[in-house]
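This report concerns only the one structure given below.
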Amino acid sequence: MANLASTWHQQGQFNEAEQLGLQVVDLQKSILGEKHPDTIRAMANLASTWHKQGQFNEAEQLELQVLDLRKSVLGEKHPDTIRAMANLASTWNRQGQSNKAEQLELQVVDLQKSILGEKHPDTIRAMANLASTWHKQGQFNEAEQLELQVLDLRKSVLGEKHPDTIRAMANLASTWNRQGQSNKAEQLELQVVDLQKSILGEKHPDTIQAMANLASTWRQQGQSNEAEQLELQVLDLQKSVLGEKHPDTIRAMANLASTWQQQGQSNEAEQLKLQVLDLRKSVLGEKHPDTILAMGNLAVTYYNQQRYSEAEKLGVDVLYLRQEILGDKHPDTISARGNLAATYKKLGRYDKAKELESQS
């Protein structure tokens, strides 16, 4: 049963994996007891499935249990204990707790290097996770350097067509995008989409994410028609594979709304952005970075519609939250400050605009 659940998980069939995973955990607990390594492994697998389904709070609670059990049964330096630390950090990242994630990931990288060596797949995965956290924190140069290392290591250790190697290519492309290197990102993302489709199939979550990344790059390059067509495909696939309330499905809606905004379809963009904001508040919480991003995107729509008072109200909230959660120097905070300053100018409040611009 455990093997079948693992197979479904790897194939992206997370609902089937969850149902079987719950049965496996109950059976293992009743037959082997909670502290048996096989029971703990079953709990870890179920937590991983919940993570993939976007049930981050449930995943976090189970991962905390797994980590405590592995520390007491196996010890702090056992590879399975370190893997439990890495999984918990990954969940914290998806919850928007990137500072907590970074601290745990730095520990994991050091432990993996000293125990398993730099070329072990688990060490490389730990490096990739840390790079992803730096990306989320806006430390794009640091993320790029580590992602280049990860990609080289995965090519040499796992081969060019291994799913983890392809994932490393996708992560690097995403960082290049944030650095403004969209042409380099596009070339890499086209390769990633082709590889994912041929190896994993079109309906695998990693393939769908690769398509979403490519569409975002096209939008940034001004190819809004191409972006829209691909984003409509992505949204349909996300809804059918992951469900309407999964964070990745909501992100697909947000991306499509941004493209409609770029095309001048501001009313359609507004309606979709309002849905995104409501969903993110209910699914992720009001202070999650993705929720704040949705608020910022809606404020931009109001600005483009010349609804400056509404844009100001939302822009003030966005700036406050980004300063609190991301810090003054994060690129998203700087962007929020610039957007609010532009809104103040439209309202004729030049003193407020000047005050904000002096902080940038």
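The values are calculated or read from the model by the stated rules, or taken from the named source; none is laboratory data. Note that the structure is a prediction, hence the values are computed from the model and not measured. When we count neighbours, we look across all protein chains shown, and the Cβ atoms used for this are built from the backbone with ideal geometry, even at glycine.
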So which pairs qualify, if the first residue must be in segment 150-176 and modelled with pLDDT under 95, the second must be outside any helix (DSSP H, G or I) and among the aliphatic types (A, V, I, L, M), the Cβ gap must be under 7 Å, and the two must be at least 6 apart or on different chains?
Pro163/Leu200; Asp164/Leu158
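Yes or no, residue by residue, for (1) closer than 22 Å to Lys100 by Cβ; (2) touching a Ser or Thr at 6+ places or on another chain (Cβ under 8 Å):
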position	(1), (2)
Asn45	no, yes
Trp50	yes, no
Phe56	yes, yes
Ala59	yes, yes
Glu63	yes, yes
Val66	yes, no
Arg70	yes, yes
Leu74	no, yes
Thr81	yes, no
Select from segment 282-295 the residues that are under 15 Å from Leu272 (Cβ atoms) and more than 16 Å from the chain's Cα centre (by Cα) and list them in ascending order.
Met295
What pairs can you find where one residue is in segment 329-346 and under 13 Å from Asp317 (Cα atoms) and in a helix (DSSP H, G or I), the other is modelled with pLDDT under 90 and charged (D, E, K, R), and their Cβ atoms are less than 9 Å apart, with a gap of 6+ or different chains?
Arg337/Asp328; Arg337/Glu357
In the list Thr249, Thr217, which residue meets the criterion of being in a helix (DSSP H, G or I), buried (at least 20 other Cβ atoms within 10 Å of the Cβ) and not assigned by TED's automatic domain parsing to the domain that holds Glu186?
Thr249
Looking across segment 256-289 at residues that are touching a residue at least 60 places away in the same chain (Cβ under 8 Å) and in a helix (DSSP H, G or I), the single one that is nearest to His330 (Cα to Cα) is Pro289
Hits in segment 35-59 (condition: part of a helix (DSSP H, G or I), more than 20 Å from the chain's Cα centre (by Cα) and more than 15 Å from Met85 (Cα to Cα))
Pro37, Asp38, Thr39, Ala42
Gly180 being at pLDDT below 95 and within 25 Å of Thr333 (Cα to Cα):
yes
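Results for (1) modelled with pLDDT of 95 or more; (2) on the phi > 0 side of the Ramachandran plot; (3) out of contact with any strand residue (DSSP E or B) (no Cβ under 8 Å at 6 or more places or on another chain); (4) among the aliphatic types (A, V, I, L, M), shown as yes or no for each residue.
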| site | (1), (2), (3), (4) |
| --- | --- |
| Gln261 | no, no, yes, no |
| Ala269 | no, no, yes, yes |
| Leu272 | yes, no, yes, yes |
| Leu293 | no, no, yes, yes |
| Leu356 | no, no, yes, yes |
| Ser360 | no, no, yes, no |
Exception for Glu118 within (1) assigned to a helix (DSSP H, G or I); (2) surrounded by fewer than 16 Cβ atoms within 10 Å (Cβ to Cβ); (3) touching a residue at least 12 places away in the same chain (Cβ under 8 Å) falls at (1)
Go through (1) outside any helix (DSSP H, G or I); (2) modelled with pLDDT of 95 or more; (3) of a type outside the set (Lys, Arg) for Gly138 and report which single condition fails.
(2)
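Can we say Ala143 is in contact with a helix residue (DSSP H, G or I) (Cβ under 7 Å, 6 or more places away or on another chain), among the small types (Gly, Ala, Ser), closer than 19 Å to Leu214 by Cβ and surrounded by 20 or more Cβ atoms within 10 Å (Cβ to Cβ)?
Here the answer is no, as Ala143 does not meet what is asked.
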Cross-chain or 6+ apart pairs with Cβ under 8 Å, segment 190-207 first and touching a residue at least 24 places away in the same chain (Cβ under 8 Å), then exposed (fewer than 14 other Cβ atoms within 10 Å of the Cβ) and part of a helix (DSSP H, G or I)
Lys203/Ser240
